[in-house]
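Take a look at the structure below.
The values are calculated or read from the model by the stated rules, or taken from the named source; none is laboratory data. What you see is a predicted model, and the numbers here were worked out from it, not measured in a lab. Quick reminder, even Gly has a Cβ in these numbers, built from the backbone with ideal geometry, and neighbours come from all protein chains shown.
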Amino acid sequence: MMWFVIRGSGIAAFAFLAISTIWGLLLSGGYAKRLVKAKPLTYAHESLAVASIVATVIHVVALGFDSFVHFGFLELFVPGFSSYRTLAVSLGIIAFYGLLVVSGSFYMKKRIGQKAWRAIHYTSFGLFFATAAHGLMAGADSTVPWVFWMYVLSSAT
């Protein structure tokens, strides 16, 4: 059962992140704003990012209870400590921390200013690729065609 929670929450986290990222690109390009008011579109973008955080937290907590790999606290939260696919797990940890910072900047925009907010948001491109690489290298389902193509095609966008 835990194995399905780990896999499902990881895939869901990436799917929410991919949709949020693509949504954010549409917002920044002004394409979507021409059709609908910006406020609801921005709210949807933020909500998708928060959904990705929630799914990632479920993913990490479930990994803590996994009986196959036996992740401890350091393996789950400190890059480089996992003996299981060290690079892939490290990329996932770094990407999660980055997601927290980028998503947190939604709510700090007035305090930090537009320039800092934009700079923080630009890091999301690298973080997105780190997340995709994490899924491809560590994900048990990355050989399933639709999962593989989800990672690849969303990264190409």
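Brief remarks follow.
- Single residue of the stretch 69-80 satisfying the filter (at pLDDT 95 or above and in contact with a helix residue (DSSP H, G or I) (Cβ under 6 Å, 6 or more places away or on another chain)) that is nearest to Ala140 (Cα to Cα): Leu76
- Every test in (1) in a helix (DSSP H, G or I); (2) without any contact (Cβ under 8 Å) to a residue 12 or more places away in the chain; (3) surrounded by 13 or more Cβ atoms within 10 Å (Cβ to Cβ) is passed by Ala132 save one, and that test is (2).
- Residue match in the stretch 59-71 (condition: among the polar types (S, T, N, Q) and either touching a Leu at 6+ places or on another chain (Cβ under 6 Å) or under 20 Å from Phe129 (Cα atoms) (or both)): no
- Pairs, first closer than 16 Å to Ala18 by Cα in the stretch 87-98, second small (Gly, Ala, Ser), C-beta under 6 Å, six or more apart: Ala95/Ala130
- From Tyr107, Tyr151, residue being part of a helix (DSSP H, G or I) and surrounded by fewer than 17 Cβ atoms within 10 Å (Cβ to Cβ): Tyr107
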